[in-house]
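Everything on this sheet refers to the single structure shown next.
The values are calculated or read from the model by the stated rules, or taken from the named source; none is laboratory data. Worth saying up front: this structure is predicted, and the values here are computed from it rather than measured. Every residue, glycine as well, gets a Cβ built from its backbone with ideal geometry; the counts of neighbours run over all protein chains shown.
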Amino acid sequence: MEEFKLQLKRPLCVFDLETTGLRLGVDRIVEIAIVKVFPDGHTEELSHRLNPEIPIPAESSAVHHIHDADVAGEPTFKEYAPVVLGFIGNSDLAGFNSNKFDVPMLVEEFLRVGLKFEMKGRRMVDVQNIFHKMEPRNLAAAVRFYLGRELEGAHAAINDTRATYEILKAQVQRYDQVPYTDKNGQESFPVVNNVEALAEFSCAHRSADLAGFILYDDKGEEVFGFGKHKGRKVAEVLAKEPSYYDWVQKSEFPLYTKQVLTDIRLRTKFSNKPGSLFG
């Protein structure tokens with residue numbers, strides 16, 4: 001049987017980056033891999049590790065297993081950029097989550113070393129977006145996947161509720177003793193027949209409020225999860241910029257978020273600990 005070929009008018013470079021982190025303006029590439037697919041179906045590959053010239057955080061190394069010592073003798077992006085630029089040429093681009101991350105990161109690196117990477121007229125194919133659009137993550141899709149049937153009477157609350165319960169039971173059975181690897185490379189078996197464990201695993205972000213505007217950091221302290229103060233400790237922001245509290249209270253945030261912010265403000269303000277932020 002003849003191998004399937006993409007219909008291409010010009011080469012398509014499918015690529016992936018490993019980086020020091022996810023901040024486009026700060027982080028650097030530590031590895032680049034490209035599979036260049038030509039219109040006739042043949043491929044060429046380019047893969048190389050790069051010295052980012054900044055330390056690779058431990059949490060990033062836990063994901064891609066590349067450490068500072070592994071790239072100490074490798075070329076910098078500035079030294080290797082002409083090779084990448086020449087290899088890609090006028091190709092279109094493809095990747096997984098590439099429109100949101102890999103393409104912007106690659107362009108950022110080229111600009112940083114003074115090279116122009118022309119994007120005009122260059123097509124971008126994001127495989128992740130195709131996946132998410134063609135395999136919707138909704139209740140009907142979950143019923144098909146886990147229960148092997150169609151959802152009857154969708155959007156009638158009781159039917160949706162019954163289906164959700166059946167899916168939960170199916171998940172607990174399906175993933176019993178199935179390993180899960182987290183972003184730090186730690187493997188566990190989190191889906192067990194225990195509500196406490198299921199609640200912990202199904203929580204996307206630990207938040208102080210219900211809407212996720214105020215999160216907990218690794219030390220259990222409240223930090224803002226949005227806006228100009230994203231990632232900063234709530235208590236510190238309120239101490240240095242009291243008007244921010246007033247802005248949140250007057251804006252269209254959920255009432256519970258406003259309540260949690262008020263609780264933090266009062267708790268900190270009236271703390272009897274020496275050196276309280278609010279005195």
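Quick notes on this structure:
- Candidate set from the stretch 9-32 (those that are farther than 30 Å from Ala58 by Cβ and loosely packed, with under 14 Cβ neighbours inside 10 Å); member that is modelled with the highest pLDDT: Lys9
- Hits in the stretch 66-110 - residues which are in contact with a Pro (Cβ under 8 Å, 6 or more places away or on another chain) and either modelled with pLDDT under 90 or on the phi > 0 side of the Ramachandran plot (or both): Gly89
- The one condition in (1) surrounded by 13 or more Cβ atoms within 10 Å (Cβ to Cβ); (2) in contact with a strand residue (DSSP E or B) (Cβ under 8 Å, 6 or more places away or on another chain); (3) of a type outside the set (Gly, Ala, Ser) that Leu6 fails to fulfil: (1)
- Residue list for the stretch 146-185, filter: touching a residue at least 40 places away in the same chain (Cβ under 8 Å) and of a type in the set (S, T, N, Q): Asn184
- Breaking point among (1) outside the structural domain of Arg23 (by TED's automatic domain parsing); (2) exposed (fewer than 15 other Cβ atoms within 10 Å of the Cβ); (3) not polar (S, T, N, Q), for Val143: (2)
- Some residue of the stretch 197-214 being at negative phi, at pLDDT 90 or above, surrounded by 13 or more Cβ atoms within 10 Å (Cβ to Cβ) and touching a Lys or Arg at 6+ places or on another chain (Cβ under 9 Å): no
- The residue of the stretch 143-166 that is farthest from Asn194 (Cα to Cα), among those that are modelled with pLDDT under 90 and β-branched (Val, Ile, Thr), is Ile158.
- Residue check, Thr76 surrounded by 11 or more Cβ atoms within 10 Å (Cβ to Cβ) and in contact (Cβ under 8 Å) with a residue 40 or more places away in the chain: no
- Remark: Val35 falls outside the filter, which requires a residue to be in a strand (DSSP E or B), surrounded by 18 or more Cβ atoms within 10 Å (Cβ to Cβ) and of a type outside the set (Asp, Glu).
- Leu93 meets the conditions (1) touching a strand residue (DSSP E or B) at 6+ places or on another chain (Cβ under 6 Å); (2) exposed (fewer than 13 other Cβ atoms within 10 Å of the Cβ) in every case but one. The failed one is (2).
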